[in-house]
Amino acid sequence: MRLSTTTYYVDFAVYPALFTGLVAHGLAPAGLASAATFLIMLVFGVGLWTFIEYLVHRFLFHHAPVLQDLHDAHHAEPHDLIGSPIWTSLPIALVILAGSVWLLGSDAGGGLSAGLVAGYVWYISVHHLSHHGRLYGMRYLYRARRRHALHHACETGNFGVSTDFWDRVFGTVLLSAAANGGAPDNRGAWWTTGRIGRLWGRKPWGALVRLSRPRV
C-alpha cells in the first residue's frame, strides 16, 4: 500500500518507543532471575522474528491473495513509500504482546514481545536503507542491499531482508539473478554438506525442505 510520508515514517518512531517501554517495564522493577528471563526471551524473540520475516515474505507476500498484489506493487515501484500502515501493524503487535504475556507471564512474554518488536525495527530499518539510504562504509548494510536487489531482480530467493540465515538453511540463496536461470544456489545450505548432509539425505523429513524450494 502506498503511504504518505508521515504514515510511512511513523513506524520508525512508534516501534522504537514501544520497544523502549517494554524494556523499561520488564527490567526496572525486576530481580536478577526476572531480568535474566526477560533478556533471554528478548534475544530469542529477535531470532524468532527473522524466521517469521522469512516465512511471511516467502509464502504470504509472494503467494497469498491480496498480500501478493500489495507486495507486487512494491516490486514494481521499489523506491515508492510502500508498506503496512500503522493502523494495521500496531493492533497485530498489541495482540501478540497481550497473548505472549497471558501465555508466558510478564517476564518471558514481555521479553519475547520486546524481541519481536526489536526484530521488526531491525527489518524495517534495513529494508528502508536498502531502497532509500546512502551507505557509507557499512558492509553489513551494503551486503543486505545487494542481497535484496537480487531478490527484486529474481523473486525465487533471498527472502530474508535483515539476514540471509534462513535462506541458507532452506537453500533459497540467490548469488546472481542471471546465474542458472535465476535458480537459488543451495550449495551453502548447512544441510547439504558433510555429515549433516548425508544424515539429512537419509531422513524422510529432508523431503519437506526439498519440496519447499521455489519452483523455477
Looking at the range 148-168, which of its residues are within 15 Å of Glu53 (Cα to Cα) and without any contact (Cβ under 8 Å) to a residue 40 or more places away in the chain?
His148, His151, Asn158, Asp164, Arg168
Given the criteria touching a strand residue (DSSP E or B) at 6+ places or on another chain (Cβ under 6 Å), at pLDDT below 95 and of a type outside the set (D, E, K, R), does Ile82 qualify?
yes
Scanning the range 30-67 for residues that are loosely packed, with under 15 Cβ neighbours inside 10 Å and outside any helix (DSSP H, G or I) gives Gly31, His63, Ala64, Pro65, Val66
So, restricting to helices (runs of 4 or more DSSP H) that lie completely within the range 68-171, which ones have at least 3 residues that are surrounded by fewer than 16 Cβ atoms within 10 Å (Cβ to Cβ)?
86-104, 139-153
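The values are calculated or read from the model by the stated rules, or taken from the named source; none is laboratory data. Keep in mind that this is a model prediction, so the values were computed, not measured. Don't worry about glycine lacking a Cβ; one is built from the backbone with ideal geometry, like all the others, and counts go over all protein chains shown.
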